[in-house]
Amino acid sequence: MIQITTDVENTIASFVRAIDEFLPTVQHIYIHGSLAMGGFHPKRSDVDLLLVVSNALTREERQKLIDCCLSYSNEPYPLELSIMTMAQLKDWYHPSPFEFHYSEGWRSRFEEASREERTELQQGFTDPDLAAHVLVILERGITWRGQPLHKLLSGFDSAHFSDAIRADALDCLDSIEEQTVYSVLNLIRGLAYEQERVLLSKQEALHWLVKNGHFPGNIVEVVRKATRSYEGGSVTFHRQELNEFRRYMRQQLQRKQK
């Protein structure tokens, strides 16, 4: 069982208390991501939460959720929050609809929109990444409140997760120079699942790679540097090594799709 530090636990508890003050329909709360998988890094990682509500959100509840997330995220850790209804889990399909999502990537959009507009920004959206969040919760997640997720979920298939990580891998190939550490480690995580159906944290990616023993040394070195950077070390990536890594990973991913 992963142990959450007191500081992080208090941060989550404070945020949940704030949510409970205006959203009494929250029935179940799950922790996923690096925090649940033992790879949380205080200076780099998000606090990833999935909340399950009994009813669809009202406009007023969305307004208060946005205000709450803008206030609590980055104090001190970035929040990544998804909210789904019981019905959306019971009648799961992929990509899944959702009630609300917040991450720091949404901050500027919420802040720049009028109060009337911002409650409509996510209307009709679906999120393929929810399949990844759900599988992590099923296999390695932490239930903060309520029942285990498998008791609420119907219609989920691990193929939905495979689809989500393939889509993420394509994004990572494109963004490897801008988001090097995230892209490198997530590409290895995706490859590990495709090859062996193992669900890794970012910190576990290097160990899996080395244990396999058949990856070229230059590929291992890029992953080693990404891991060192993720853990707070100072590293420098060169364009040539990133291009070689990208070509190699593209070949591996294409091979798995055949």
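The values are calculated or read from the model by the stated rules, or taken from the named source; none is laboratory data. Note that this is a predicted model, so its numbers are computed, not measured. Here Cβ is always computed from backbone atoms with ideal geometry, including for glycine, and neighbour counts include all displayed protein chains. Note: areas computed on protein heavy atoms with side chains; ligands, DNA, RNA excluded. Shrake-Rupley method; radii C 1.70, N 1.55, O 1.52, S 1.80 Å.
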Worksheet item: When both residues are 6+ apart or on different chains and their Cβ atoms are under 8 Å apart, which pairs have a first residue that lies in the stretch 210-236 and is of a type in the set (S, T, N, Q), and a second that is open to solvent by 40 Å² or more (accessible area, probe 1.4 Å)?
Response: Asn218/Glu244; Thr227/Lys202; Thr227/Gln203
Worksheet entry | Failed item in (1) exposed (fewer than 14 other Cβ atoms within 10 Å of the Cβ); (2) not in a helix (DSSP H, G or I), with Gln195 passing the rest | (2)
Worksheet item: Identify, please: which residue in the stretch 126-159 is assigned to a loop (DSSP other than H, G, I, E, B) and touching a strand residue (DSSP E or B) at 6+ places or on another chain (Cβ under 7 Å) and is, among those, surrounded by the most Cβ atoms within 10 Å (Cβ to Cβ)?
Response: Gly141
Worksheet item: Which condition number in (1) open to solvent by 50 Å² or more (accessible area, probe 1.4 Å); (2) more than 14 Å from Val181 (Cβ to Cβ) is the one that Tyr248 fails?
Response: (1)
Fill in: Residue satisfying all of: in the stretch 198-214; part of a loop (DSSP other than H, G, I, E, B) and not β-branched (Val, Ile, Thr); surrounded by the most Cβ atoms within 10 Å (Cβ to Cβ) among these
Leu200
Fill in: Condition check for Thr227: of a type in the set (Ser, Thr, Tyr), buried (at least 18 other Cβ atoms within 10 Å of the Cβ) and either modelled with pLDDT of 95 or more or in a helix (DSSP H, G or I) (or both)
yes
Worksheet entry | Every pair of residues 6+ apart whose Cβ atoms lie under 6 Å, when the first sits in the stretch 189-204 and is more than 14 Å from His133 (Cα to Cα) while the second is open to solvent by 30 Å² or more (accessible area, probe 1.4 Å) | Ala192/Val198; Glu194/Lys256
Worksheet, complete the sentence: When Tyr93 is run through (1) open to solvent by 30 Å² or more (accessible area, probe 1.4 Å); (2) within 27 Å of Glu204 (Cβ to Cβ), the failure sits at (2)
Worksheet item: Does Ala56 count as open to solvent by 10 Å² or more (accessible area, probe 1.4 Å), assigned to a helix (DSSP H, G or I) and within 19 Å of Ser154 (Cβ to Cβ)?
Response: no
Worksheet item: Can we say Leu81 is under 27 Å from Ala226 (Cα atoms) and in a strand (DSSP E or B)?
Response: yes
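A quick yes/no check of all residues on (1) closer than 20 Å to His150 by Cα; (2) within 18 Å of the chain's Cα centre (by Cα); (3) at pLDDT 95 or above:
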site: Ser71; (1), (2), (3): no, no, yes
site: Met84; (1), (2), (3): yes, yes, yes
site: Trp92; (1), (2), (3): yes, no, yes
site: Glu116; (1), (2), (3): no, no, no
Worksheet, complete the sentence: Of the residues in the stretch 1-27 that are touching a strand residue (DSSP E or B) at 6+ places or on another chain (Cβ under 9 Å) and in a loop (DSSP other than H, G, I, E, B), the one that is surrounded by the most Cβ atoms within 10 Å (Cβ to Cβ) is Leu23
Worksheet item: Considering the stretch 28-53 alone, what residues qualify as being open to solvent by 50 Å² or more (accessible area, probe 1.4 Å) and farther than 20 Å from Glu231 by Cα?
Response: none
Fill in: Scan of the stretch 73-89 for residues that are at negative phi and either surrounded by fewer than 19 Cβ atoms within 10 Å (Cβ to Cβ) or among the small types (Gly, Ala, Ser) (or both), ordered by number
Ser73, Glu75, Pro76, Pro78, Ser82, Met86, Ala87
Practice prompt. Considering only the stretch 170-191, state which residues are open to solvent by 10 Å² or more (accessible area, probe 1.4 Å), of a type in the set (A, V, I, L, M) and within 21 Å of Phe40 (Cα to Cα).
Written response: Val181
